[in-house]
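What follows is a short report on a single structure.
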Amino acid sequence: MPTPQKTEIINDLTNKFQNSSGIYFTRYTGMDVTKMTELRRKFRENEVSYFVSKNTLTKIAAHNAGYEDKLNNLLNGQIGIAYVSGDATAPARVIRSFEKGNKDATLEVIGLVFEGEIFSAEKYKELADLPSRDVLLSMFVGTINQPMGKLVGVLSGAMSKLSGVLTSLKENKS
């Protein structure tokens, strides 16, 4: 019979699994408290929640969220899970920058769920190299704007040439 505290944790984890666009499973074995605190701070700054719970409770929550037993092989040992509901690539960038700044800290991504699909650890490196959603949108808008800007430039050049020709004709007739 589960205790009320365990039931609350399972319900909370189930909600996190259901409402997250990105879920990153990390092994943090050997990391000291100061490094873990720094990692959690970086996650919070990027609107990512990092949670460590008992693997058995996490397995039950994943099963309740519809993942059945698909995540059981990821939940062995000391596992911390990063949940994000917004930009699904944010945890990958945080982990990458943390690894670069802390060579002695051992943080290993062992798998991830991205937009509902389960991927191996190698996928996180691809996601870490992607720009943020805002940067991608600005690049997209810039790409759309470029042809219009060129068209405006061509039309204004033609108009100024026509204006110059008309001005010179007016001066010649006067």
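The set of residues from the stretch 101-118 being under 21 Å from the mean Cα position of the chain (by Cα) and surrounded by 17 or more Cβ atoms within 10 Å (Cβ to Cβ) comprises Leu107, Val109, Ile110, Gly111, Leu112, Val113, Phe114. For the stretch 77-98, a residue qualifies if it is open to solvent by 10 Å² or more (accessible area, probe 1.4 Å) and farther than 20 Å from Glu47 by Cβ, and the qualifying residues are Gly77, Gln78. Residues in the stretch 1-31 that are touching a residue at least 60 places away in the same chain (Cβ under 8 Å), open to solvent by 80 Å² or more (accessible area, probe 1.4 Å) and not in a helix (DSSP H, G or I): none. Being in a strand (DSSP E or B) and under 17 Å from Lys125 (Cβ atoms) is the requirement here; does Ala88 meet it? So Ala88 fails the test.
Considering the stretch 19-34 alone, what residues qualify as being among the polar types (S, T, N, Q), modelled with pLDDT under 90 and closer than 21 Å to Ser85 by Cα? Selection gives Asn19, Ser20, Ser21. Of everything listed in (1) surrounded by 13 or more Cβ atoms within 10 Å (Cβ to Cβ); (2) more than 25 Å from Met36 (Cα to Cα), the single unmet condition for Leu162 is (1). The one condition from (1) open to solvent by less than 80 Å² (accessible area, probe 1.4 Å); (2) assigned to a helix (DSSP H, G or I) that Phe140 does not meet is (1). Suppose the filter is open to solvent by 10 Å² or more (accessible area, probe 1.4 Å) and in contact with a helix residue (DSSP H, G or I) (Cβ under 6 Å, 6 or more places away or on another chain); does Asn64 pass it? So Asn64 fits the description; yes.
The values are calculated or read from the model by the stated rules, or taken from the named source; none is laboratory data. This structure is a prediction, so every number in the text was calculated from the model and none was measured. Positions of Cβ are backbone-derived with ideal geometry, glycine not excepted, and every protein chain shown enters the neighbour counts. Only protein heavy atoms, including side chains, enter the accessible area calculation; ligands, DNA and RNA are left aside. Shrake-Rupley method; radii C 1.70, N 1.55, O 1.52, S 1.80 Å.
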